[in-house]
Amino acid sequence: MAVNDLVLIGFGEAYASIETAWSLRDAGFRVAAFARRGERPALRRVRGVTLHEVTAPEESVEQTLDELRSLIASLEPAALMPLDDASVLLSRALDGEVTIAGPTGERVDYALDKALQVEAAHAAGLLVPPTEVVDSADDLRVGEYPAFVKPARALYEIDGRLTRPTGKVVADESELERASREEWHPPLLVQPLLKGTGEGLFGTVTRDGVRALSAHRRVRMLNPQGSASSACESIAVDPELVEPLERFLGAIGWSGLFMVELLRDAEGRAWFMELNGRAWGSMALARRRGFEYPAWAVQTALDPDFVPTPPTAPPDIVARHLGMELAHLAFVIRGPQSKALAGWPKLWPTIRAMARPSRRNRFYNWRRSEPDVFVADTWSFVRFFARRALRSEQ
């Protein structure tokens, strides 16, 4: 490892922060992290990680950048690795001041703009749902129900602050009317609500092309409407997806780690949903199988000639996040928020499936030598969702 072996990661509240820190530390890097001021992420429990607070970009993007610049000048890290959409957006302004182990230049646009992703994926031959781009909430129309209306961009900067709107499932005109009255920040995407099982296709792009591919299937989602995986299982990479995937990533000039989200329908067709251009929440599954994507991403950023060595016989496992699993139960009990969400999970079958023991099971953010990290992560996650539920009832 080089003398300058410090990697700065953030935001520390990101789902992937703990597994990323472990991956980097196991590869010989020292790790520092930045977090939103006032937050207490479980990452602070990871041995050897120093945590630095900065202003939340949801309060002031300018202030956050000023404080990150000061932090970079003080720490002089070898690289900065963004872990969520906010840090990906902020890192664009820091490119040139530090090596970015993540999207740079136009790749930031592709990482954060789903309209660009859909266009490029379609051109590359990936199966893409029919998509309408709407430039004004006043022009919001749906040709076929049920439909999914979502912001084209992962984040919007409004009056110097970042905001992250969420999408809505609409079953009919009345639900669309209610959705249209909410605060939207165009452009918006309107797509048919497809039914199927979520899959993820992961890898890293080096100078020699796409390498170290792996894949998983969602077993349960935090929110059954569509969200991060609370449980997922390893699957084989679909060989029919490799060539169009390579065309897609090549066309947008991608470099470093990536996750492509797909939806596999009842006919076996894999529909492109979106590209994640930073570490993803289910990183634990990849790492438990020997795919050290975070460390490889930093090594690729620091050495363009680096080529990762994937595991030769990765185990077949299921990875679960305990806090998300508990929140999933709460969503199941609450029930669907749209008539379009048929097939909502039933409570007792869900409990039985979650309680069923298996030797394949692994947990996110669990490490035998650092059990307090797992406890802190589970507690902070449950507390966050409990507080949010209480606020929504007020």
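All of the numbers you see were taken from the coordinates with simple rules; none came from a lab. If you're wondering where the values come from, they're calculated on a predicted model, not measured in any experiment. Every residue, glycine among them, receives a Cβ derived from its backbone with ideal geometry; neighbour counts consider all protein chains shown.
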Candidates Leu89, Leu302, Leu263: whichever shows maximal mean-square fluctuation once the chain is modelled as a Gaussian network with Cα springs under 10 Å
Leu302
What helix-only [θ] at 222 nm does the chain give? Using -39500 (n - 2.57) per DSSP H run of at least 4, over all residues, to the nearest 500, the answer is -10500 deg cm²/dmol
What Kirkwood radius, in Å to one decimal, follows from the Cα pairs of region 43-152?
17.0
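What size of dipole, in debye to the nearest 20, comes out for the chain about its Cα centre when the only charges are +1 on Lys and Arg C-beta atoms and -1 on Asp and Glu C-beta atoms?
The calculated dipole for the chain is roughly 2080 debye.
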Quarter of the Cα convex hull surface for region 130-192, i.e. its orientation-mean projected area (nm²):
4.0
Select from Thr197, Thr104, Thr166 the residue whose mean-square fluctuation is largest in a Gaussian network model of the chain (Cα-Cα springs shorter than 10 Å).
Thr166
Most packed first (mean Cβ within 10 Å per residue), the peptides 138-151, 347-360, 9-22, 270-283 order as 9-22, 270-283, 138-151, 347-360
One would report the Cα pair-distance distribution of region 6-103, bin width 10 Å, in %, as 17, 56, 26, 1
The answer for the net charge of residues other than Asp5 whose Cβ lies under 14 angstrom from its Cβ, with Lys and Arg +1 and Asp and Glu -1, is -1
Share of antiparallel DSSP beta bridges in the chain, in percent to the nearest 5?
70
Rounded, prolate or oblate: which fits region 78-219 when a ≥ b ≥ c are the square roots of the eigenvalues of the alpha-carbon gyration tensor, with rounded for a/c under 1.5 and prolate only if a/b beats b/c?
oblate
Which one, Leu140, Leu176, Thr166, is farthest towards the positive end of the dipole of region 130-192 when Lys and Arg carry +1 and Asp and Glu -1 on their Cβ?
Thr166
Specify the inter-centroid distance of region 178-247 and region 52-129, based on alpha-carbon positions, in whole Å.
20
Quick numbers on region 17-63, Rg and Dmax over C-alpha atoms in Å, give 12.0, 35
Report the residue, chosen from Arg25, Arg107, Arg367, that carries the largest GNM mean-square fluctuation when the chain is represented by alpha-carbon nodes joined by springs under 10 Å.
Arg367
I need the semi-axes of the equivalent ellipsoid of the chain: take the C-alpha gyration tensor, multiply each eigenvalue by 5, square-root it, list largest first in whole angstrom.
30, 24, 23
Convex hull volume of region 182-328 per residue (C-alpha atoms, cubic angstrom)
146
If I take the Cα coordinates of region 113-158 and project them onto the principal axes, what are the three extents in Å, biggest first?
32, 30, 14
